[in-house]
Amino acid sequence: MMDLFLLLYCIQIFILFRGTFYSYFFSITLFHVAARSDTPVEPQHPIGSETLSQSVVSEKEPVTGAQSQGSAKQEKNEVLLLLNTGSNNLILISSKLRDSTDQFQEYYRQRLRYQQHLEQKEQQRQLYQQMLLEGGVNQEDGADQQQNLTEQFLNRLGIFVALLLCSLATHITLQDDKSKKQFICINTLEDTQAVRAVAFHPSGSLYAVGSNSKTLRVCAYPEVIDPSAYNTPKQPVVRFKRNKHHKGSIYCVAWSPCGQLLATGSNDKYVKVLPFNAETCNATGPDLEFSMHDGTIRDLAFMEGPESGGAILISAGAGDCNIYTTDCQRGQGLHALSGHTGHILALYTWSGWMIASGSQDKTVRFWDLRVPSCVRVVGTTFHGTGSAVASVAVDPSGRLLATGQEDSSCMLYDIRGGRMVQSYHPHASDVRSVRFSPGAHYLLTGSYDMKIKVTDLQGDLTKQLPLMVVGEHKDKVIQCRWHTQDLSFLSSSADRTVTLWTYNG
C-alpha cells in the first residue's frame, strides 16, 4: 500500500515539473550543438522567453567580417544566457524537489500516525467485543446488529443482575436474623442430672446420651424433619435405656465406625464397650470392661479406616495423663502413649492412625499410631500465657485443627503448614466443645456461657470470621455434635437436658 502511494506521488511531481525538465534538456542540447558547429546556429526560443530578434541574420544578406565577429559575440552571449537559464532552472528544480521531499516525509509521518490510530481503534473494538461476549451477547452479522450490541449487552447485564439479586435473596446462608431463628429446637430430652455426653450413630438414625445420673439412652432421630411442625419441642423416642450403666457419671460416649459398638467412659475409672444392634436397638452381648485408667475418663473415640479394623478404641483423662489404645475385638490393650503433663480433656482421631489430644498442660499433641509416639506439640501460648485445651477437632480433609480453650478462645491451626491461622474469642467463658460440620463450612462451638454458636469458615480464615448464636441453654453447655448428614446438631447441658436443633430453612 505504501509503495502505491509513493509511485502516485512521484508521477504527480513529474507532471508538475516536466515543462522545466524539457526546457533544461533543450538548453543543454543547444549548447552542445553550438560548441561543435563552425557556423552560427539560430537558436530556437521557447515561448515566453525574452525576444532576441536583433541577433537573427537574414539569409539574403551577405556576411561581412564585422558582421561575422558581431554574430559570434552575439552567439556566445546567447549560449551564456542559455546556460544561465538552465542553471537557474536546475536550481529551481532542486529547490522544488527538496520541498517535495519534505512534503512527502510529512505525508508519510501523517500516514504512520493515522495507521497507529487505526490499530488502536481495532484493539479497542476487539476489547469491546470480548466484553460483549463475556456479558452473554452473541454478535451477529449485519450492520444493524452491530449497532445494537451495546443495547443488548446492557439488557443482558440488567437481567443478570436481577437474577443474581434473586439468587442472593433465596440462597440459604447462616446469618443473624432477629425476625427468624436460624435453628429451632425440635426435641428435648430431660434428665434428673446434668447431661454430659452425646453422639450420633454413623447412620444418623440414632443418637446416644450419657448423663451424671449414670443412665445411658439411645434415642431415635426423626425420620422427617419439618421445622414448621415444631411450635414447641417434643420428647424424642427413646429406643434403648440402661440405668446405672456405670457406677459413676458418664462423661463421654462414642460409636464405632461400623455402628455395632457403643463405648462409654466414666469417673468410676472404667471404660465400657457395649455390642449393639442398631436395627433392633438391643445389646447383642455382654459389656466389655477396661480398667487401665487411674482417673476419670474424660474422652474416648474409635479409630476410623481399614488400618484399625474399626475396633481400636482410644481413651484418655485424668490420673497418669496417658492415652490408651485398646483392641475391642481381642479385648486387650495395645499402647500407652505418654507425654502430656496435665489431665487430658479431649481426643480426636482421623486418617486411620492419627490422634489429636488436648490437655490442661495448655498443649495439643499429635500422635501417629504407626510409630507409635507423639509427632508434634502445638502450644497455646501464641498470645499471653496460654490456656487449657478443653476440646479438639480436625476437619474432614485433615488439614485444619480447631481447639476450644478455657480462656473462651478458639484456635485454628494449619496442620500441614505447621502454623496458627487464627485465634479468636467467640464466647464469654470456657469453650467446652468444637466440631466441624460434615462439609467443613461451619464450626460449631458450645460454651459455659450457655450459648451455642456457629462460625462461618467459607471466607478468608485469617480475617474476622462471621459468628451467629444458634442455640442457648439455661446452664452451661457441655457438648455439641453435628448430625452426620443433615444441618442439625445435638447439645448437652448442665440444665439437665439434651436438645436436638435443626436448621429452620
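The values are calculated or read from the model by the stated rules, or taken from the named source; none is laboratory data. Just so it is clear, the structure is predicted and the values come from calculations on it, not from any experiment. Please note: Cβ atoms are built from the backbone with ideal geometry, for glycine as well, and neighbour counts cover all protein chains shown. What goes into the accessible areas is simple: the full protein's heavy atoms, side chains included, and nothing from ligands, DNA or RNA. Shrake-Rupley method; radii C 1.70, N 1.55, O 1.52, S 1.80 Å.
At a glance:
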read-out	value
Estimated dipole of region 183-503 in Debye, rounded to 20 [Cβ of Lys and Arg +1, of Asp and Glu -1, Cα centre]	300
Residues with amide H under 5 Å from that of L400, placed H, sequence gap 5 or more	D395, I415
Sparse-neighbourhood loop sites, trypsin sites (Lys or Arg not before Pro) in region 218-298 - DSSP loop, at most 13 other Cβ within 10 angstrom	K244, K247
Amide H within-cut-off set for L206, under 5 Å, with H built and near neighbours excluded	H201, Y221
Cross-link table K247/K453; K181/K234; K272/K453; K241/K362; K272/K474, entries beyond 28 Å C-alpha to C-alpha	K247/K453; K272/K453; K241/K362; K272/K474
P(r) tail fraction, region 462-505 - alpha-carbon pairs more than 15 Å apart, %	51
In region 256-314, GluC sites (Glu not before Pro) in a DSSP loop with at most 16 other beta-carbon atoms within 10 Å	E279, E307
Vicinal HN-Hα couplings computed from phi for region 196-207 (Karplus, 6.51 cos²θ - 1.76 cosθ + 1.60; Hz; Gly/Pro x)	9, 10, 9, 7, 7, 5, x, 6, x, 8, 9, 8
Per residue accessible area of region 183-503, 1.4 Å probe, in Å²	40
Karplus 3J(HN,Hα) series, Hz, for region 444-458 with 6.51 cos²θ - 1.76 cosθ + 1.60 (x for Gly, Pro)	9, 10, x, 9, 5, 7, 6, 10, 10, 10, 10, 9, 7, 9, 7
Inter-site label distance for Q110 and K234 at 7 Å from Cα along Cβ, in nm	9.1
Inter-probe distance in nm under a simple model that places probes 7 Å from Cα toward Cβ, at T188 and K241	1.8
N504 paired with Q485, simple spin-label distance in nm, labels 7 Å along Cα-to-beta-carbon	2.5
Two-site FRET efficiency, A220 against H441, from Cβ-Cβ distance with R₀ of 25 Å, rounded to 0.05	0.40
More than 37 Å apart - percent of Cα-Cα pairs taken over region 183-503	9
Built amide H within the under 5 Å cut-off of S433, gap 5+	G446
